[in-house]
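Below is one structure, written out as structure tokens; the observations come after it.
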């Protein structure tokens, strides 16, 4: 993926997760999504990166939300 596709993917995933986690600041969501993307960026199979990024970020955000609720 080139930088344009990377930024588009991060923006789309961030938008979807911001709607799902409205209590989490968008900046935090974007950071988590970018970190997840970087973890997968070196993979050979590029087709599933957006799906895997969203899945990984969603799991991390759920954990953050659960810790916040229990605090």
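Nothing in this text is a laboratory measurement; each read-out follows from the coordinates by a stated rule. It should be emphasised that the depicted structure is a prediction, and the values quoted were computed from it without experimental measurement.
For the chain, count all C-alpha to C-alpha pairs, find those more than 21 Å apart, and express that count as a whole percent of the total. Distances greater than 21 Å cover 22 percent of the Cα pairs.
Only DSSP H runs of four or more residues enter the estimate; each adds -39500 (n - 2.57), and after division by the residues of the chain the mean residue ellipticity at 222 nm equals -26500 deg cm²/dmol.
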